[in-house]
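*Asks:* Once you've had a glance at the structure underneath, I'll fire off some questions.
The values are calculated or read from the model by the stated rules, or taken from the named source; none is laboratory data. Every value quoted in this text rests on a predicted model; they were computed, and no experiment measured them. Here the Cβ positions follow ideal geometry from the backbone for every residue, glycine too, while neighbour counts run over all protein chains shown. Accessible surface areas use protein heavy atoms only, side chains included; no ligands, DNA or RNA. Shrake-Rupley method; radii C 1.70, N 1.55, O 1.52, S 1.80 Å.
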Amino acid sequence: MNQVVAQVLSLVRAQGVPEGIQVQEALVDDLPSCDVDSDKIAQVLLNLVHNALQAVGSEGRIQIRTARTNLRGQNARGTNAVEIAVVDNGPGIPRED
């Protein structure tokens, strides 16, 4: 998953990030392997990062993080999982929306 995140961030940076926006990564090294369609995950991450770029405006910070976690659902409790988070410091969605 870290490789997918790195590829997405490389693409975003190649497309150009406005000067006032910081794009950061915080990737955990010991993630379990995942049987996923990496192209689809990359597309989702790319969409989320583009949304974050719009949300922060001309200045802000976007971070993509990976983490090792466990599923919490009733039938999957304790199963190893990978979490990917795209976090920005934009204003958020207005309550009325």
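*Asks:* Could you tell me which residue out of Leu31, Asn47, Gly92 lies farthest along the dipole of the chain toward its positive end? Charges go on the beta carbon: Lys and Arg +1, Asp and Glu -1, centred on the Cα centre.
*Replies:* Positive-most Cα among the choices belongs to Leu31.
*Asks:* A follow-up question, please. Where nothing but the Cβ of Lys and Arg (+1) and of Asp and Glu (-1) is charged, how large is the charge dipole of the chain around its Cα centre, in debye to the nearest 20? Walk me through the numbers before you get to the answer.
*Replies:* Details: 8 positive and 12 negative charges, 50 e Å.
Around 240 debye, computed over the chain.
*Asks:* Between Asn2 and Glu96, how high is the FRET efficiency from 1/(1 + (r/R0)^6) when r is the Cβ-Cβ distance and R₀ = 41 Å? Nearest 0.05. Display every interim value, and only then the final one.
*Replies:* Working: r = 38 Å, r/R0 = 0.93.
Efficiency for this residue pair is about 0.60.
*Asks:* Another one. With all protein chains present, how much of the accessible area of the chain (probe radius 1.4 Å) comes from carbon and sulfur, to the nearest whole percent? Mind dumping the intermediate values first?
*Replies:* Values: 2970 of 6760 Å².
Answer for the chain is 44 percent, counting heavy atoms of protein chains only.
*Asks:* Per DSSP H run of at least 4 residues, take -39500 (n - 2.57); add these up for the chain, divide by its residues and hand me the 222 nm value, nearest 500 deg cm²/dmol. Present the calculation step by step, with values, prior to reporting the outcome.
*Replies:* Numbers: 2 runs with 33 residues, N = 97.
Helix-only estimate at 222 nm: -11500 deg cm²/dmol.
*Asks:* Per 0.36 nm of contour for each residue apart, how much would the distance between Arg13 and Asn47 grow if the chain were fully extended, relative to their Cα-Cα spacing? Present the calculation step by step, with values, prior to reporting the outcome.
*Replies:* On the way: separation 34, 0.36 × 34 = 12.24 nm, distance 1.40 nm.
Full-extension gain reported as 10.8 nm.
*Asks:* Take the Cα of Val87, step 7 Å along the line toward its Cβ, and report every residue of segment 8-52 whose backbone nitrogen sits under 16 Å from that point.
*Replies:* Within reach of a label on Val87, which here means backbone N under 16 Å from a point 7 Å along Cα→Cβ, segment 8-52 contributes 22-29, 49, 52.
*Asks:* Another question, then. Compute the acute angle (0 to 90°) between the alpha-carbon long axis of helix 38-56 and the principal axis of greatest extent of the alpha-carbon atoms of the chain; round to the nearest 10°.
*Replies:* 40 degrees
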